[in-house]
1. Say we look at region 105-129 and pick out the residues that are among the basic types (Lys, Arg) and surrounded by fewer than 16 Cβ atoms within 10 Å (Cβ to Cβ); which of these is farthest from Val75 (Cα to Cα)?
2. Quick check: is even one residue across region 130-138 in a loop (DSSP other than H, G, I, E, B), within 17 Å of Asp202 (Cα to Cα) and modelled with pLDDT under 95?
3. Might you check whether a residue that is surrounded by 15 or more Cβ atoms within 10 Å (Cβ to Cβ), in contact with a Phe, Trp or Tyr (Cβ under 8 Å, 6 or more places away or on another chain) and assigned to a loop (DSSP other than H, G, I, E, B) occurs anywhere in region 227-245?
4. From the list Asp67, Asp92, which residue is within 14 Å of Tyr180 (Cβ to Cβ), crowded, with 16+ Cβ neighbours inside 10 Å and among the acidic types (Asp, Glu)?
5. Could you list, in sequence order, the residues of region 69-116 that are under 25 Å from Arg187 (Cα atoms), out of contact with any Lys or Arg (no Cβ under 8 Å at 6 or more places or on another chain) and not aliphatic (A, V, I, L, M)?
6. So which residues in region 95-104 are surrounded by fewer than 16 Cβ atoms within 10 Å (Cβ to Cβ) and within 18 Å of the chain's Cα centre (by Cα), if there are any at all?
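The values are calculated or read from the model by the stated rules, or taken from the named source; none is laboratory data. Predicted model, so just to flag it, every value in this text is computed and none were measured. When we count neighbours, we look across all protein chains shown, and the Cβ atoms used for this are built from the backbone with ideal geometry, even at glycine.
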Amino acid sequence: MDDRDEAVIEVFPAIEQPAKPSVFARWTREARDLALLALALFLTVHSVAQAYNVPTGSMEDTILVGDYLWAGKFVYGTPIPFTHLRLPALRDPRKNDIVVFKFPGDGRTDYVKRCVGVPGDTIEVKRGVLYVNGDQFPDAKHAKHIDRNLDGSHHNLPRGPHGQNSRDNYGPFVVPADHYFMMGDNRDNSYDSRAFGPVPRDLIVAKALFLYMSWDSESYPSPEASPGEPMSYLRKLAHDLRWAPFKVRWNRIGDSLM
């Protein structure tokens with residue numbers, strides 16, 4: 001046989017196949033990816049909007065004790081997580097907006113009130129009637145004026161700088177630049193700007209949009225839960241689950257606060 005007719009056989013080195021990751025490694029990677037996705041979604045949603053529970057009656061009957069509201073941070077400028085910066089706002093607060101803001105006294109506690117005065121407005125309360133720039137400010141549709149607590153005792157009224165009753169007689173006061181004057185719809189039982197002053201713009205968090213849940217804790221009262229008795233929490237949970245259809249104020253879910 002001619003050398004040219006000989007078959008040429010080339011020997012290639014064996015290709016080493018990568019080892020398959022273990023089940024645990026695949027599970028760990030997937031769990032990490034899901035956690036990062038969940039964190040990104042949480043930061044995005046938390047930055048744009050947030051849910052709030054209302055524990056006091058200062059906004060009755062627009063917002064009741066036990067109402068849960070959804071508020072849009074994007075309206076007044078979405079905060080950038082882990083910074084003191086904000087994205088551009090759609091607009092500034094306006095009179096009659098229901099606003100979530102940080103209490104000026106500590107900069108941390110969330111308050112919900114109605115904006116009744118913007119920078120440059122003159123605020124005055126005379127005999128319990130609110131005037132803005134000399135005109136009577138209209139009551140909200142569901143506002144009320146009740147100065148007693150649920151147990152029948154008198155509410156401790158806020159006092160002005162000279163000891164006068166700042167609930168019924170206040171001002172005149174001109175709202176300074178970059179500040180907003182907040183009051184509760186239940187003006188006779190509200191701790192608001194009459195007591196702690198106008199709210200700086202940088203403490204304003206979000207605009208209330210709508211109610212997504214309303215829970216009536218007074219109907220079918222829940223049993224007390226005690227840290228010293230762990231089973232009491234299970235009894236409370238079982239009670240609330242049993243009576244939930246009757247404790248939820250179904251007719252309030254979805255109510256607009258715009």
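1. Result: Arg127.
2. Taking every residue of region 130-138 in turn, none turns out to be in a loop (DSSP other than H, G, I, E, B), within 17 Å of Asp202 (Cα to Cα) and modelled with pLDDT under 95.
3. No, there is no match, as no residue in region 227-245 is surrounded by 15 or more Cβ atoms within 10 Å (Cβ to Cβ), in contact with a Phe, Trp or Tyr (Cβ under 8 Å, 6 or more places away or on another chain) and assigned to a loop (DSSP other than H, G, I, E, B).
4. Residue meeting the stated conditions: Asp92.
5. Trp70, Arg94, Lys95, Phe103, Pro104, Gly105, Asp106, Gly107, Lys113, Arg114
6. Asn96, Phe103
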